[in-house]
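Trainee: One structure coming up, written as structure tokens, with questions to follow.
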Amino acid sequence: MSAMSRLLHPVPKPPRQKRKPRTYLPKVNRKRAALRRARDFGSLAEWVVTLPCCISGVRTGEWITLNGVQTQVRVDPFHVRSRGAGGQAPGNLLPVARHLHEEFGTIGRHSFAAKYQIDLEAKALEYAALFAQLFEGECAITRSRNLYHGNRKERE
């Protein structure tokens, strides 16, 4: 047999092997997720969402017209600095309507602040001070800030 004829006649395929079953990522630890959510948002966030939006003044459940469509508003706890950038301190939350929150993510921090003529950091500190005055007292906010920013004595 010549080499050419061997190439023209294919060799039978080997039998198909069974695939290993897929391994999925483990489910989220619900207890740890709840603790993380409480740490990231907590009672301050629960209070913030009951307030009207700090930019438009609308409350959760009100109807507004966006781009010619009637939409029901939802106010979100809005982190001025993202949590990944160290924005977990209590003086970092604002009540912002969902559509404005999405716009912030689209156009960016500086453009958003310029468009609505608002100092987001100063406004967030005002809300944190009001929360401290109404509910916990100034020492609770200070203690929370120390926990978030690494004061080891407070953490232990």
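Rule-based calculations on the coordinates, nothing more; no lab input. Since the model is a prediction, treat every value here as computed from it, not as a measurement. With ideal geometry, Cβ positions are generated from the backbone for all residues, glycine too; neighbour counts draw on all protein chains shown.
Trainee: Quick query: amide H of Val58 versus all other amide H atoms, modeled in the peptide plane; which residues come in under 5 Å with a sequence gap of 5 or more or a different chain?
Mentor: Cys53
Trainee: For Lys31, give me every one of the lysines with a C-alpha distance below 27 angstrom, ignoring sequence neighbours fewer than eight places off in its own chain.
Mentor: Lys153
Trainee: Starting from the Cα of Lys115, draw a straight line to each of the lysines and keep only those under 23 Å, dropping any in the same chain fewer than 8 residues away.
Mentor: Lys115 reaches Lys123.
Trainee: Would you please give the FRET efficiency between Arg74 and Lys20, computed as 1/(1 + (r/R0)^6) with r the Cβ-Cβ distance and R0 = 30 Å, to the nearest 0.05?
Mentor: Taking R0 as 30 Å, the efficiency between Arg74 and Lys20 is 0.10.
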